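Notes to accompany the following structure.
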Amino acid sequence: MSTEWQGPAVVLGARPHGESGAVVTLLTEALGRHAGLAKGGASRAQSSLWMPGNLIEARWVARLPDQLGSLSGELVHPAAALALEDPLALALLSAACAVAEGALPEREPHPRCFQRLVALIARLPEGALATLPDYVRWEAELLTELGYGLDLTRCALTGGMEDLAWVSPRSGRAVSAAAAGPWAGRLLPLPRFLLGQSGPVSAAECLAGLRLTGHFLARDAFGHQHRGPPPARGMLQDRVSAAIA
C-alpha cells in the first residue's frame with residue numbers, strides 16, 4: 001500500500017489524542033476501515049468535520065505504510081449536523097458508523113459496504129423511518145461481506161421458495177410458515193422487505209429486521225471478537241421499539 005492516498009470517505013468515529021488532536025476512523029471504498037491522526041481534530045474549528053456520518057474528501061500521508069499517518073479532510077456532506085434535529089435519524093447514523101467501525105477489519109476493502117453506506121446516508125433526509133429498511137439491508141450485506149451471510153432464498157426444511165416467514169437463529173436459513181409449525185416460537189420473524197418484496201414497510205417490520213440482523217451481528221460479527229455490539233446499535237433498536245409502543 002502506498003504511503004499517501006486521497007479519496008471520499010465516511011467518518012466512523014473520532015477520539016481525542018493529546019491536547020487538540022484526534023485519532024479518526026474512516027471508511028473508504030478502496031482501503032476499507034482506515035485510521036489516521038488529525039492534528040487539531042478535537043479543536044472547536046475542526047471537531048464538526050470529524051463527526052460520525054459525515055462524508056468527506058480525505059487525505060492521508062505517512063512515511064511508512066503501517067504507521068497511523070496524518071489525516072486531513074474537506075467536508076462534502078454534513079450528515080451529522082443534518083441529523084441532529086431528528087433523534088431517530090441520529091440514532092440510525094450513529095448505529096451504522098459504530099457497527100462499521102466495530103465489525104469491519106482494518107485496511108481490508110469492502111467496497112459494497114462503503115457504497116451502500118453512502119447511499120444510506122444520502123437517503124436520510126427523506127426520513128429515518130423511510131430509510132430503516134435500507135439500514136437493515138445494509139447490515140445483512142455487511143454480514144455477507146464478513147462471511148456470515150443469511151440464506152433467505154429457500155426453506156431450510158422443504159427446499160421450497162414460497163411463504164418464507166421465519167429464520168433459524170442457529171443456521172441463518174429461512175423457514176416457511178407451514179414448515180415452522182410448532183417451532184415458530186423459537187424462530188426469528190423474517191420481514192418481507194428482506195425478500196425483495198415491494199410496498200410500504202411498517203415500523204414493526206423494521207424492528208423485526210433489526211432484531212434479525214442484530215442477532216447474527218451479536219453472535220457472529222461481534223461474538224467472534226468476544227465482545228458485544230456497540231451501544232449505539234442497541235439504542236437504535238430501542239428507539240424503534242419505543243416509536244411503535
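The values are calculated or read from the model by the stated rules, or taken from the named source; none is laboratory data. Predicted model, so just to flag it, every value in this text is computed and none were measured. Here Cβ is always computed from backbone atoms with ideal geometry, including for glycine, and neighbour counts include all displayed protein chains. What goes into the accessible areas is simple: the full protein's heavy atoms, side chains included, and nothing from ligands, DNA or RNA. Shrake-Rupley method; radii C 1.70, N 1.55, O 1.52, S 1.80 Å.
If you go through the stretch 146-189 and keep only what is among the small types (Gly, Ala, Ser) and in a loop (DSSP other than H, G, I, E, B), you end up with Gly147, Gly149, Ala156, Gly159, Gly160, Ser168, Ser171, Gly172. Cβ-Cβ contacts under 8 Å between residues 6 or more apart (or on different chains), taken from a first residue in the stretch 204-220 that is within 18 Å of Arg192 (Cβ to Cβ) and open to solvent by 20 Å² or more (accessible area, probe 1.4 Å) to a second residue that is of a type in the set (Phe, Trp, Tyr) and modelled with pLDDT of 95 or more, are listed as Glu205/Phe193.
Given the options Ala95, Ala79, name the one that is surrounded by 21 or more Cβ atoms within 10 Å (Cβ to Cβ), out of contact with any Phe, Trp or Tyr (no Cβ under 7 Å at 6 or more places or on another chain), touching a residue at least 60 places away in the same chain (Cβ under 8 Å) and under 14 Å from Ala128 (Cα atoms). Don't jump to the end; show me each part of the working.
Working: Ala79 fails: touching a residue at least 60 places away in the same chain (Cβ under 8 Å).
Answer to the selection: Ala95.
Which condition breaks for Trp60 when tested against (1) open to solvent by less than 70 Å² (accessible area, probe 1.4 Å); (2) part of a loop (DSSP other than H, G, I, E, B)? All conditions are met except number (2).
Just to be sure before I move on: is Glu145 open to solvent by 30 Å² or more (accessible area, probe 1.4 Å), touching a Cys at 6+ places or on another chain (Cβ under 6 Å), within 26 Å of Pro189 (Cα to Cα) and in contact (Cβ under 8 Å) with a residue 12 or more places away in the chain in the structure I sent? Walk me through how you get there before you give the answer.
Working: open to solvent by 30 Å² or more (accessible area, probe 1.4 Å): yes; touching a Cys at 6+ places or on another chain (Cβ under 6 Å): yes; within 26 Å of Pro189 (Cα to Cα): yes; in contact (Cβ under 8 Å) with a residue 12 or more places away in the chain: yes.
Spelling it out, Glu145 is indeed open to solvent by 30 Å² or more (accessible area, probe 1.4 Å), touching a Cys at 6+ places or on another chain (Cβ under 6 Å), within 26 Å of Pro189 (Cα to Cα) and in contact (Cβ under 8 Å) with a residue 12 or more places away in the chain.
Restricting attention to the stretch 159-170, and to residues there that are closer than 17 Å to Arg211 by Cβ and not β-branched (Val, Ile, Thr), which single residue is most open to solvent (accessible area, probe 1.4 Å)? Even if it seems obvious, please write down each step before you answer.
Our first condition is that a residue be closer than 17 Å to Arg211 by Cβ; within the stretch 159-170, this holds for 164-170.
From what is left, the residues that are not β-branched (Val, Ile, Thr) are 164-166, 168-170.
Details: Leu164: 23, Ala165: 29, Trp166: 63, Ser168: 21, Pro169: 30, Arg170: 205 Å².
Result: Arg170.
Only one of the numbered conditions (1) farther than 26 Å from Glu101 by Cβ; (2) in contact (Cβ under 8 Å) with a residue 60 or more places away in the chain is violated by Leu157, and that is (2).
Scanning the stretch 221-245 for residues that are under 16 Å from Ala128 (Cβ atoms) and open to solvent by 50 Å² or more (accessible area, probe 1.4 Å) turns up Met235, Asp238, Arg239, Ala242, Ala243, Ile244.
Among the residues making up the stretch 75-105, a single one is part of a loop (DSSP other than H, G, I, E, B), aliphatic (A, V, I, L, M) and closer than 20 Å to Thr144 by Cα: Leu104. Scanning the stretch 190-245 for residues that are part of a helix (DSSP H, G or I) and charged (D, E, K, R) gives Arg192, Glu205, Arg211, Arg219, Asp220, Arg233, Asp238, Arg239.
Could you please find all residues in the stretch 131-151 being in contact with a Lys or Arg (Cβ under 8 Å, 6 or more places away or on another chain) and within 13 Å of Arg173 (Cα to Cα)? Leu150, Asp151, listed by residue number.
Quick one: is Pro191 within 19 Å of the chain's Cα centre (by Cα), closer than 28 Å to Asp86 by Cα, surrounded by fewer than 13 Cβ atoms within 10 Å (Cβ to Cβ) and in contact (Cβ under 8 Å) with a residue 24 or more places away in the chain?
On the way: within 19 Å of the chain's Cα centre (by Cα): yes; closer than 28 Å to Asp86 by Cα: yes; surrounded by fewer than 13 Cβ atoms within 10 Å (Cβ to Cβ): no; in contact (Cβ under 8 Å) with a residue 24 or more places away in the chain: yes.
So Pro191 does not fit the description; no.
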